[in-house]
Every structure is written in structure tokens, then in C-alpha cells.
Amino acid sequence: MKRLELSLEDYFEGIRKGDISILSRAITLVESKKEEHQKLSNELLKKILPFTGKSKRIGISGTPGVGKSTFIESFGKFLTKQDLKVA
């Protein structure tokens with residue numbers, strides 16, 4: 001069964017409402033290498049930016065096996081213990 005494609009508005013409204021399912025799909029969209037996904041994700045990021053408050057977007061990179069996943073998990077727990085949200 002093919003998953004329903006979401007529009008820019010679907011993503012935007014879902015994120016604004018705190019829909020974790022749509023947020024996770026939006027993260028996948030942003031990570032996609034497909035040209036049409038990159039275009040839509042850029043539009044989404046521009047549209048959502050005014051509503052992000054003081055949020056930060058970071059990227060973690062490195063060679064396989066250096067501990068990126070371990071770091072991300074630890075850092076996420078550190079932030080959530082401070083009552084901050086992580087996506």
C-alpha cells in the first residue's frame with residue numbers, strides 16, 4: 001500500500017499542531033536526496049521558520065563507528081532533562 005503524499009500545508013499544519021507522526025515524516029523529507037523532496041522540504045523550512053522561536057538546527061556527521069548515535073542519544077537525554085524538546 002502506497003503512503004499518502006502530504007502537501008506543504010499538511011506538513012506545516014501537522015508540525016504546528018505537534019503531530020509527531022507528521023514531524024517524523026517531515027524529518028525524513030528533509031533528509032531525502034530526491035529533488036522533489038528537497039524542493040518541498042526547503043519550502044517547508046522557510047514556511048515554518050517564523051514559528052520556531054529560539055529553536056536550533058544542528059547536524060552531526062562523522063565516519064561510521066565514531067559514536068554519532070551514542071552522542072545524539074546522550075545529548076537528547078541531556079536536553080529533555082531540561083524540559084526542552086528534541087526532534
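Being part of a helix (DSSP H, G or I), surrounded by 11 or more Cβ atoms within 10 Å (Cβ to Cβ), out of contact with any Gly (no Cβ under 6 Å at 6 or more places or on another chain) and of a type in the set (A, V, I, L, M, F, W, C), is that true of even one residue in the range 1-14? Taking every residue of the range 1-14 in turn, at least one turns out to be part of a helix (DSSP H, G or I), surrounded by 11 or more Cβ atoms within 10 Å (Cβ to Cβ), out of contact with any Gly (no Cβ under 6 Å at 6 or more places or on another chain) and of a type in the set (A, V, I, L, M, F, W, C). Say whether the condition of being in contact (Cβ under 8 Å) with a residue 24 or more places away in the chain and among the small types (Gly, Ala, Ser) is met by at least one residue in the range 29-52. No, the range 29-52 contains no residue that is in contact (Cβ under 8 Å) with a residue 24 or more places away in the chain and among the small types (Gly, Ala, Ser).
The rows are residues; the columns are (1) open to solvent by 80 Å² or more (accessible area, probe 1.4 Å); (2) among the polar types (S, T, N, Q).
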residue: LYS17; (1), (2): yes, no
residue: LEU23; (1), (2): no, no
residue: VAL30; (1), (2): no, no
residue: ASN42; (1), (2): yes, yes
residue: PRO50; (1), (2): yes, no
residue: LYS56; (1), (2): yes, no
residue: GLY59; (1), (2): no, no
residue: GLY65; (1), (2): yes, no
residue: SER69; (1), (2): yes, yes
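The values are calculated or read from the model by the stated rules, or taken from the named source; none is laboratory data. Small disclaimer: the values here were computed from a predicted structure and weren't measured. Ideal geometry is used to build each Cβ from the backbone, glycine not excepted, and the neighbour counts take in all protein chains shown. All accessible areas refer to the heavy atoms of the entire protein, side chains included, with ligands and DNA or RNA removed. Shrake-Rupley method; radii C 1.70, N 1.55, O 1.52, S 1.80 Å.
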